[in-house]
Amino acid sequence: MNTTILRKSVLGIAGLAFAGGVFAGPVTEAHAAPAAEAKSVAVVQADKPGVDKGKLIPHGVQGKQSRITLGDEQTANVKAIIAATKKSHMDERAAVVAIATSLQESKLENLGHLGERNDFDSQGLFQQRPSSGWGTVEQITDPEYSTKAFLKGLKQVDGWKDMPLTKAAQTVQVSAYPDHYAQWEQQAADLVAKHWNS
């Protein structure tokens, strides 16, 4: 092939990528893979400056990833979690852990008491329990308060930044299903990448 044509083709593709931004769908694992092998990188639009993609998923995702479509209320809760993370002087990785935890606990819905379907007295985005000292019902159903309470617990976990997400979340939450947080890491990272600077 003529080198001039090849060079124009390469430059044309690069120009399209630069002008239109690079956008790809979510990266998901087709099959569960061991933590050492499961590596994933958050995919973001090129026009979102300032998000260090390396901080979002520094250890790669564990296992098969889940994803849900968010409504307006859930998206507002994502933004509230990010705002509370910034007010807590924590970084994007902390927001990823918090959002993945809320995705597992409540699907990012600020749940009130669910009667017989409730896990004891768990409520809010993080399904925190007044009887376990998380705060009053009014407090734990306030997205800013509940996020700050979760992040306060996360700060107390030695080396949380060097842990897999599911272990860091479980250390704070003490869930009966400790491995379930891992499945939300990619969607949480994508949400932080999209909304951190919005």
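The values are calculated or read from the model by the stated rules, or taken from the named source; none is laboratory data. Quick caveat: nothing in here was measured; it's all calculated off a predicted structure. As a convention, Cβ positions derive from the backbone with ideal geometry for all residues, glycine included, and neighbour counts pool all protein chains shown. Accessible surface is based on the protein model in full, side chains and every heavy atom, while ligands, DNA and RNA are left aside. Shrake-Rupley method; radii C 1.70, N 1.55, O 1.52, S 1.80 Å.
If a residue must be open to solvent by less than 80 Å² (accessible area, probe 1.4 Å), part of a loop (DSSP other than H, G, I, E, B) and of a type outside the set (S, T, N, Q), how many such residues does segment 142-198 contain? Number of matching residues: 7.
State whether one or more residues within segment 107-119 are within 24 Å of LEU56 (Cβ to Cβ), open to solvent by less than 30 Å² (accessible area, probe 1.4 Å), part of a loop (DSSP other than H, G, I, E, B) and free of Cβ contacts under 8 Å to residues at least 24 places away in the same chain. There is no residue in segment 107-119 that is within 24 Å of LEU56 (Cβ to Cβ), open to solvent by less than 30 Å² (accessible area, probe 1.4 Å), part of a loop (DSSP other than H, G, I, E, B) and free of Cβ contacts under 8 Å to residues at least 24 places away in the same chain. Of the residues making up segment 68-100, not one is open to solvent by 40 Å² or more (accessible area, probe 1.4 Å) and within 11 Å of the chain's Cα centre (by Cα).
Which one of VAL172, VAL192 is farther than 19 Å from LEU70 by Cα and either touching a strand residue (DSSP E or B) at 6+ places or on another chain (Cβ under 8 Å) or not hydroxyl-bearing (Ser, Thr, Tyr) (or both)? Give the derivation first.
On the way: VAL192 fails: farther than 19 Å from LEU70 by Cα.
Within the list VAL172, VAL192, the selection yields VAL172.
Which residue is modelled with the lowest pLDDT, if the candidates are limited to segment 120-141 and must be in contact with a Pro (Cβ under 8 Å, 6 or more places away or on another chain) and open to solvent by 30 Å² or more (accessible area, probe 1.4 Å)? The extreme case among them is ASP121. Of everything listed in (1) over 26 Å from ASP179 (Cβ atoms); (2) at pLDDT below 95, the single unmet condition for LYS79 is (2).
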